[in-house]
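Take a look at the structure set out below.
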Amino acid sequence: MEIRSIDAAAVTETVRTLFMDMNYHIGNDIAEELKKAMDRETSDTAKNVIGQILENHQIAADEEVPMCQDTGMAILFVEYGERVVIENGSFEEAVQEGVRRAYIDGYLRKSVVDDPVFDRVNTKDNTPAIIYTTIVKGDRIRILAGCKGFGSENMSAVKMLTPSAGLDGVKKFIMDTVNYAGPNPCPPIVVGVGIGGSFEKAAMLAKKATLRPINTRHPDSRYASLEEELLTEINKTGLSAAMPQDIKKR
Amino acid sequence: MKKIILPLTDEVIKDLHAGDSVLLTGTVITGRDAAHKRLYELIQKGEELPVEIQGEVIYYVGPAPAKPGHAVGPAGPTSSYRMDKYTPALLNRGLKGMIGKGARNDEVIASMKQNGAVYFGAIGGAAALISRSIKKSELLAYEDLGTEAIYRFTVEDFPAVVVIDSYGESVLVTKPKQTES
């Protein structure tokens, strides 16, 4: 079996670049959707908000500053090829160092504290990053990473449904969670849903779903149409901006 | 778009209504969860505050670090509900305005009506854009809190919307999350 070696420094540099880029640059999928939403919206307030979000993205990209002050906690989903060996260091340390350098060199906010209850002392470099590793076949390492801020993370929820709850139970929980979050998470809001598995598996799937390009649909057409249906329902709530879209008549 | 000069006067506050778009010019102080908790505890004990809050507007923000040559890093609003528990005590002490994002609880709204105060919303997620209207940042208190310390920002045409006015009228369609302590 042929082994491929990757230098720890290459891992560090890749992770560093990933986290700086994701804080400065919005994905094309989201930029495109925002432009479409600008044409679709009829409310002046909504148009105004979308306009400012687009302008904000341009400033962040031009000046290489983060688009949001909350630059999140670093989360990485790693597919680690079983024929890869790391030279001159360990994979875990190389990733943590990449995150550390991105947050320090990139003027990103350090929001992580060590002990969450008693000490709450900031680690000053945004580590530790959360790393989920799956061992896969092959000689490559694939990293999917996110830096979700806690304004939206705090709106997350998990529910254990009984087998008889069925499709209605799933729909109700998703709509309840969105309504409960209200205007707290910043727009544009991406709703990631994970169904099945165990308590932690569903939550991990939901987190991973938030990283999916937003115009894509589930490969199973039944879930794809459920996504469409829920998206329509969610957009009917009139929520979705941290600023209100439905101004009450005075 | 109304241009508002800070500090807020009672006349200006009476003239602000939910839904008004405003541009704020003058100075605001900053503070988030940790700073609020400390101010609240001092008020409860009847002790002096390290920062005078009477007549002030407080902005719920923990900015990203400033790049060289910038007055402040990206500085968008954080979720306001986290401050709800402490807010009535600050309003009773003379705080006149707040800038954040999202909803407030009933106690905060009642206290705003009683004290004649206003709650503005800034656009969550427009931090780089907002930081352009912040011209100066000076540390006032609680340096140990880092980004959550209390700063004085000098702002020019800071864009915001009146989300809840001093009459208790709100533009929000939902209730806030109430469980956070």
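The values are calculated or read from the model by the stated rules, or taken from the named source; none is laboratory data. Only a predicted model underlies this, so the values are computations on that prediction, with no experimental measurement involved. Heads up, the Cβs are rebuilt from the backbone with ideal geometry, glycines too, and the neighbour counts pull from every protein chain shown.
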For this session: Report the residue count in the range A:93-114 for those that are under 21 Å from the mean Cα position of the chain (by Cα), more than 14 Å from chain B (Cβ to nearest Cβ) and hydrophobic (A, V, I, L, M, F, W, C).
Result: 2
Exercise. So is A:Val117 farther than 17 Å from A:Leu18 by Cα, within 14 Å of another protein chain (Cβ to nearest Cβ) and assigned to a loop (DSSP other than H, G, I, E, B) or not?
Worked result: yes
Problem set entry | Selected residue (criterion: nearest to the other protein chains (Cβ to nearest Cβ)) from residues of the range A:156-193 that are over 21 Å from A:Ile214 (Cβ atoms) and of a type in the set (D, E, K, R) | A:Asp176
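Which one is nearest to the other protein chains (Cβ to nearest Cβ), of the residues in the range A:194-215 that are of a type outside the set (Lys, Arg) and without any contact (Cβ under 8 Å) to a residue 24 or more places away in the chain? Walk me through it before giving the result.
Kept after step one, since they are of a type outside the set (Lys, Arg), are these residues of the range A:194-215: A:194-200, A:202-206, A:209-211, A:213-215.
Applying the additional criterion that residues be without any contact (Cβ under 8 Å) to a residue 24 or more places away in the chain yields A:194, A:196-198, A:200, A:205, A:209.
On the way: A:Gly194: 21, A:Gly196: 27, A:Gly197: 26, A:Ser198: 25, A:Glu200: 22, A:Leu205: 24, A:Ala209: 20 Å.
It comes out as A:Ala209.
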For this session: Looking only at the range B:58-81, count how many residues are more than 9 Å from chain A (Cβ to nearest Cβ) and either assigned to a helix (DSSP H, G or I) or of a type in the set (A, V, I, L, M, F, W, C) (or both).
Result: 3
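Test of understanding: among A:Gly197, A:Gly146, which residue is at pLDDT 90 or above, closer than 23 Å to B:Ser79 by Cβ and touching a helix residue (DSSP H, G or I) at 6+ places or on another chain (Cβ under 8 Å)? Walk me through how you get there before you give the answer.
Numbers: A:Gly197 fails: closer than 23 Å to B:Ser79 by Cβ.
Result of the check over A:Gly197, A:Gly146: A:Gly146.
Taking the conditions exactly as written (under 30 Å from B:Arg104 (Cα atoms), in contact (Cβ under 8 Å) with a residue 60 or more places away in the chain, of a type outside the set (Gly, Ala, Ser) and outside any loop (DSSP other than H, G, I, E, B)), does A:Lys148 satisfy them or not? Steps first, please.
Working: under 30 Å from B:Arg104 (Cα atoms): yes; in contact (Cβ under 8 Å) with a residue 60 or more places away in the chain: yes; of a type outside the set (Gly, Ala, Ser): yes; outside any loop (DSSP other than H, G, I, E, B): no.
For A:Lys148, the condition - under 30 Å from B:Arg104 (Cα atoms), in contact (Cβ under 8 Å) with a residue 60 or more places away in the chain, of a type outside the set (Gly, Ala, Ser) and outside any loop (DSSP other than H, G, I, E, B) - is not met.
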Exercise. B:Thr27: modelled with pLDDT of 95 or more, closer than 25 Å to B:Ser170 by Cβ and polar (S, T, N, Q), yes or no?
Worked result: no
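Residues that are in contact with a Lys or Arg (Cβ under 7 Å, 6 or more places away or on another chain) and not assigned by TED's automatic domain parsing to the domain that holds A:Asn215: list the helices (runs of 4 or more DSSP H) wholly contained in the range A:1-114 that include at least 3 such residues. Before the answer, list the steps.
Working: elements: A:8-24, A:28-40, A:44-63, A:91-105.
Here the list reads A:91-105.
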Seminar exercise, completed: Counting only residues in the range A:120-136 that are out of contact with any Lys or Arg (no Cβ under 8 Å at 6 or more places or on another chain) and not aliphatic (A, V, I, L, M), the one nearest to the other protein chains (Cβ to nearest Cβ) is identified as A:Arg120
For this session: Consider only pairs whose beta carbons are under 6 Å apart and that are at least six residues apart or on different chains; among these, list those whose first residue lies in the range B:113-142 and is closer than 30 Å to A:Ala61 by Cβ and within 14 Å of chain A (Cβ to nearest Cβ) and whose second residue is polar (S, T, N, Q) and surrounded by fewer than 20 Cβ atoms within 10 Å (Cβ to Cβ).
Result: B:Ile123/A:Gln52; B:Ala126/A:Gln52; B:Leu129/A:Gln52
Exercise. Out of all the residues in the range B:94-131, which are aliphatic (A, V, I, L, M), part of a strand (DSSP E or B) and touching a Pro at 6+ places or on another chain (Cβ under 9 Å)?
Worked result: B:Ile99
